[in-house]
1. Scan the stretch 106-118 and report the pairs whose first residue is assigned by the TED database to the domain that holds PRO17 and whose second residue is of a type in the set (A, V, I, L, M) and in a helix (DSSP H, G or I), with Cβ atoms within less than 6 Å and a gap of 6+ or a chain change.
2. Can you work out which of the residues in the stretch 19-39 that are small (Gly, Ala, Ser) and at pLDDT 85 or above is surrounded by the fewest Cβ atoms within 10 Å (Cβ to Cβ)?
3. Just to check your reading of the model, which residue among ALA52, ALA90 is more than 18 Å from the chain's Cα centre (by Cα) and either farther than 28 Å from ALA21 by Cα or not acidic (Asp, Glu) (or both)?
4. Name the pairs: first residue in the stretch 18-34 and outside the structural domain of GLN91 (by the TED database), second residue in a helix (DSSP H, G or I) and not small (Gly, Ala, Ser), Cβ to Cβ under 6 Å, at least 6 apart or on different chains?
Amino acid sequence: MPRKRMLAAVGYAALTPLCVAAMAWTVFTGFARLNLSGNSVEVRLTECHREAGARNTTHTACSGSSQSTTDPGTVKVRYEGHQGETIRAAQTPWGGYETVDTGFVSWGIAVLAPLLPLGAAAAAGALAVRGFHRARRTAGSSRAA
């Protein structure tokens, strides 16, 4: 039985950093969507088309030229827009762009979304610690017998 408990504890220990990484991703994406970093650029959309997504879904991907004088170039975003529209987009730390939306619902999502992976990381970490303690305690009691 200690071997199974140890494997479960190792599984929870491996799950914990994945949950922390998911939380970091939601935090950084929220920063970009709310433009808290202040590095948004104006993008004039020149092309919009439908792209296939996961599980047989589609989304609209638009691209256009950046109106910024410091970093002129083509910006690609997922946005339900049309050609000729001008939007604000902020760059994420991994190089992509997210459309900026500073509405009340966006603030709520940006604040609440990281709480789910944070709770999962805390639960997985607690289960890992408990599993390691139980496995060690069980292994110690079997050696004494």
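The values are calculated or read from the model by the stated rules, or taken from the named source; none is laboratory data. Since the model is a prediction, treat every value here as computed from it, not as a measurement. Counting neighbours? That spans all protein chains shown, and the Cβs are built from the backbone with ideal geometry, glycine included.
1. ALA110/LEU34; PRO114/MET23; PRO114/VAL27; PRO117/ALA22; PRO117/MET23; LEU118/MET23
2. The residue in question is ALA21.
3. Details: ALA90 fails: more than 18 Å from the chain's Cα centre (by Cα).
Exactly one of ALA52, ALA90 is more than 18 Å from the chain's Cα centre (by Cα) and either farther than 28 Å from ALA21 by Cα or not acidic (Asp, Glu) (or both), namely ALA52.
4. Sorted first by the residue in the stretch 18-34, then by its partner, the pairs are CYS19/PRO117; ALA22/PRO117; MET23/PRO117; MET23/LEU118.
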